[in-house]
Each structure stands twice: as C-alpha cells, then as structure tokens.
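A.B. asks: Let me give you the structure first, and then I'll get to my questions.
Quick note: the coordinates plus some simple rules give every number you see, no bench work behind them. Here the structure is a predicted model, which is why all the values come from computation and not from measurement. FYI the Cβ positions are ideal-geometry reconstructions off the backbone, even for glycines, and counts take in every protein chain you see.
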Ligand code: 13P
Ligand code: SF4
C-alpha cells in the first residue's frame, strides 16, 4: 500500500519533501521495504559509501545498464543520475524506475540541448552519430549508437574507416578515442565539471611526493592529465586495474566515490584522490551526491520521484542503446 505524497512540488524540489523520523534506522527500513516491494537498488560507483554498502549492484554506466535490463524486480531504485535512470526505463519499461532526487543531473547531459544537437547533426549529414551514454533520452533518440567509457574505443574501431563520425557530448573522451584509434571525429564541445578540474600542477607535486604511485585516470579528464597517466579507463576498469596491479600506491583522477570500492578490494593499498584546481571538494560530483539515505528511504516509501517517458521517445532512444549492447556483446566488452 503506497502512502500518499504531495506531488505538486516534486519536479521543482526534486525529491519527496517530507520529514523523516530521526529515530528510524534508515538502512533497516530501506532493506525491509525493498523486500516487501520486490525492489532492487542499483548504485553507481560515485554514490556515497553508505549507499554503495546498501546496493544490490554497484557498477559503472555499462554495468548498470545491463543490470537494469535484466532485473526481475518490480521497482528499480536507481542511485545515480538522471540519464542513467532514463536508460534503465528505456531498457525495462514495465518496471517502476525511481531516482531519489530528480535534480541529480549531469553537466554533459545538460550541455547538449536536443535542438542545438539536431542543428549540429544537420551540418554533418553524412556522419554516423556515436553518443556517450551521459546524455538525455532526446539526444539518444538523435543518435545511431550509444557508448560508455568502457566500450567507446572498441565501438569506434568497429566502424568502417570510410564512415565519418560525430562523437558527442564529451570532447575529452572524444579526443582520447581519436588519439588511441588514430581516427578523426567531429566532436561536440561538452565536458564533465568534475573531471575537467584536476590540477596538473598539484598532481605533478603528488607524483613527486609519492614516486612509486601510479596515476590512474578516467578518460573524461583533460588531455594534459591523461598524457601523464599510467592507466586510463572507465570506473570499472580503474577498479580492476588497482585490484590486479602489483603496485601499492595510486593517485586516482576521477570522482572520489570509487575510492570506497578500491579500498574494500585492496585494504593494504593506498589510494590518493587527485586534487582539483581549487580548494573545494570538486572531485565530488555535486549531482551524484544529491542522493542521500533519507531521500532513498522516502523514494522507496512513496514510490516517487518516478521516471516516466513518452513511448515514441523511448522506442527511438532504445535503438542506439540496443545497438551498443549487441555490439558490446559481440566485441566482448
Ligand atoms: P563510467 O561509469 O562509465 O565510468 O562513467 C563515469 C561517469 O562520469 C558517470 O557519470
Ligand atoms: Fe556527469 Fe561528471 Fe557527474 Fe559523471 S561525474 S554524472 S559525467 S557531472
């Protein structure tokens, strides 16, 4: 039985705006409701530690999309950002997909408005559009193939050399793929507000202080950071790298949430968060960190905010995601 909730200001505020009894043990209550409602909790590596600890599955964008596709649960409580929840809804429309805070967006998604992207596409009519999953459903609907940081390189390499490509919306990932594949692509000029802020100077100083430490970076980072990195990969690839490496110290140039799983996987190793170019905690994604245990509890209790989508948009957006998942299986990524 769903308790009633005032939905009138949900879109404006972003989350269920109710007092939470401070005596409630949120973790126990969330687990109880999860069982009762046949819900699954999916969390991205950038979520707060306590949310990661509660999740049924923790992963990167590709892993989460795959889990969302195959779940048998009736409700997907998605602890990530809006574009990830949309992807879950596109792949599994009969499920109720909940996002604890609707304002959990992404600078890459908001930096690529559909009308401007449609005009950009028109300027390059003979190009295939490969789009990073960090974009809205409307942008996915305008794309030919979606990719994530786990499979972008192999997907680009699978396209015949004669085919011209638009790569959007992350210019840094695009530049990195161009460099590693030797392929020219037309890039949309978007970036991640977290990954573009790492300081080359401060990282160089850290490397001097920890000469044995390996610098590992996400491909959303700016080129000068990638150029001095020992390893570049998606969040999942970074986690696998530290787990399998004989090295003991790592400077990690991505969102800080991933350090939690690294520390669990390798309790004897040292992980240092790469510093941003100012004094704030800018390597915390402000969107990812909008999700809190209180909001998770309220979202599951009231089954709100729910991701809803027009069916024709969903079907259009599904095509390039399906193409990615099929290609990814074929290419073994
Ligand atoms: P991955 O999860 O694909 O590594 O992407 C990182 C990211 O920025 C997600 O928003
Ligand atoms: Fe978007 Fe960057 Fe946050 Fe990922 S870390 S959700 S790319 S703003």
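A.B. asks: Please give the per residue volume of the convex hull enclosing the alpha carbon atoms of region 234-333, rounded to a whole number of Å³.
C.D. replies: Hull volume over Cα atoms, normalised by residue count, gives 180 Å³.
A.B. asks: Right, another one. So if each residue of separation counts as 0.36 nm, and I subtract the Cα-Cα distance between residue 247 and residue 50, what length gain in nm does that give?
C.D. replies: Here the answer is 68.2 nm.
A.B. asks: If I model a spin label at residue 270 and residue 310 as a point 7 Å from the Cα along the Cα→Cβ vector, what separation in nanometres do I get?
C.D. replies: Placing both labels 7 Å beyond Cα along the Cβ direction yields 5.5 nm.
A.B. asks: Which residue fluctuates most in the GNM of the chain (Cα springs below 10 Å): 314, 323, 171?
C.D. replies: Of 314, 323, 171, the most mobile in the Gaussian network model is 323.
A.B. asks: So how do 145, 264, 258 line up by other beta-carbon neighbours within 10 Å, fewest first?
C.D. replies: 264, 145, 258
A.B. asks: Build a GNM of the chain with springs between Cα atoms under 10 Å: which of 283, 291, 49 gets the top mean-square fluctuation?
C.D. replies: For the chain, modelled as a Gaussian network with Cα springs under 10 Å, the answer is 49.
A.B. asks: Explain nothing, just the number: relative contact order of the chain, from Cα pairs under 8 Å at least 6 residues apart, as a whole percent.
C.D. replies: 23 percent
A.B. asks: Which whole-number percentage describes the relative contact order of region 1-146, with Cα contacts under 8 Å and a sequence gap of 6 or more?
C.D. replies: Taking the mean separation of contacting Cα pairs over the length of region 1-146, I get 17 percent.
A.B. asks: Checking a compactness column here: for region 140-240, what do you get for Rg(Cα) / (2.2 N^0.38 Å), N being the number of residues?
C.D. replies: Region 140-240 yields a ratio of 1.16.
A.B. asks: Here is a follow-up. Could you check which residue among 37, 295, 122 shows the biggest mean-square fluctuation in a GNM of the chain with a 10 Å Cα cutoff?
C.D. replies: 122
A.B. asks: Hey, can you rank 88-96, 5-13, 267-275 by average C-beta count inside 10 Å, highest first?
C.D. replies: Descending mean neighbour count gives 88-96, 267-275, 5-13.
A.B. asks: Obtain the nm distance between the two label points defined at residue 200 and residue 37 by a simple spin-label model: each point lies 7 Å from its Cα along the Cα-to-C-beta direction.
C.D. replies: Here the answer is 4.8 nm between the modelled labels.
A.B. asks: Still on this structure, I have one more. If you line up the Cα atoms of the chain on their principal axes, what length do they span on each, largest first, in Å?
C.D. replies: Cα extents, longest axis first: 57, 50, 35 Å.
A.B. asks: Using a 10 Å cut-off on Cβ atoms, rank the peptides 63-69, 296-302, 205-211 from the highest mean neighbour count down.
C.D. replies: 296-302, 63-69, 205-211
A.B. asks: Ranked from highest to lowest mean number of other Cβ atoms within 10 Å per residue, what is the order of the peptides 151-162, 218-229, 16-27, 133-144?
C.D. replies: Highest to lowest by the protection proxy: 133-144, 218-229, 151-162, 16-27.
A.B. asks: Ranked by Cβ crowding within 10 angstrom, fewest neighbours first, how are 82, 127, 44 ordered?
C.D. replies: 127, 82, 44
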